[in-house]
Each structure stands twice: as C-alpha cells, then as structure tokens.
1. Checking Q88 against (1) surrounded by fewer than 15 Cβ atoms within 10 Å (Cβ to Cβ); (2) part of a helix (DSSP H, G or I); (3) in contact (Cβ under 8 Å) with a residue 12 or more places away in the chain; (4) of a type outside the set (A, V, I, L, M, F, W, C), which test does it fail?
2. Identify all residues within the range 91-108 that are surrounded by 11 or more Cβ atoms within 10 Å (Cβ to Cβ) and touching a helix residue (DSSP H, G or I) at 6+ places or on another chain (Cβ under 9 Å); write none if there are none.
3. Take the residues in the range 23-54 that are in contact with a helix residue (DSSP H, G or I) (Cβ under 7 Å, 6 or more places away or on another chain) and of a type outside the set (A, V, I, L, M), then tell me which one is farthest from G107 (Cα to Cα).
4. If I ask for residues that are among the acidic types (D, E) and in contact with a Ser or Thr (Cβ under 6 Å, 6 or more places away or on another chain), which ones from the range 42-67 would you list?
5. Looking at the range 15-51, which of its residues are hydroxyl-bearing (S, T, Y), within 14 Å of the chain's Cα centre (by Cα) and surrounded by fewer than 18 Cβ atoms within 10 Å (Cβ to Cβ)?
6. Restricting the search to the range 22-41, which residues are of a type in the set (A, V, I, L, M) and touching a strand residue (DSSP E or B) at 6+ places or on another chain (Cβ under 6 Å)?
Amino acid sequence: MSRLYLVDDHQLMREGLRALLEARGHTVVGESADPTEALADLLRLRPEVLLLDLNLGGRSGFELLAELQRRHLPTRCVVLTMSAQPRQVAEALRMGASAYVLKGSAGS
C-alpha cells in the first residue's frame, strides 16, 4: 500500500494515525511536529503521501506546503486539520494539497 509521513504537533494524534494506518496495510515511514524537520525527512525518505496538520504550535503547515510546491516534490499532501475556514481550505488546495480533511470527520 502507500508509504506515508505524518506531521502533527500532537504526539498522541500521530501515534493514533500511525496505528490506524498501519492496521490497514500502509507504511508510516516517519513523523514530526516540526515543518523544518519534516522537510528534511521528506527529501530523504520520499514518501508517497504526507498527512499534514496546519496548526503546528507556533508554526504553520502552510510553511511546509510552500516548500513542497517550491521544490516540486512528488509527495502528495492530504491536509488533516481542525480548521474549516474556507480561506484556509482554498489556500491549501491552491498550494497543491490533494485533499483537505477535517479531524472531526467520520473515520469511514
């Protein structure tokens, strides 16, 4: 199945996502709470999919989206966040996100 990388500032969220995804046959190749660390890992590990939160404590997932776009990385990005603000949805998709999923969405 897919090789994924997780970026979220909450460790519990990353651990839960990892367990859920790996139980469904995906491989989580790495994770981070920091956009700078995540970018280095993405360049090194080359996952197929990035699951990205937009609110990363004092930083923003938009920073990482901008770098993915600037560097033309082939990693597809799924934004997984709490923010349902139409401006953020539109901006994430404009910056190359393949999907925008709210954390409050049903698991199915």
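1. Of (1) surrounded by fewer than 15 Cβ atoms within 10 Å (Cβ to Cβ); (2) part of a helix (DSSP H, G or I); (3) in contact (Cβ under 8 Å) with a residue 12 or more places away in the chain; (4) of a type outside the set (A, V, I, L, M, F, W, C), only one is false for Q88: (1).
2. Result: E91, A92, M95, G96, A97, A99, Y100, K103.
3. That would be P35.
4. Passing the criteria: E48, D53.
5. T36
6. Matches in the range 22-41: V28, V29, A38.
Computed from the coordinates by the stated procedures, all read-outs in this text should not be read as laboratory data. All of these numbers come straight from a predicted model, not from anything done at the bench. Positions of Cβ are backbone-derived with ideal geometry, glycine not excepted, and every protein chain shown enters the neighbour counts.
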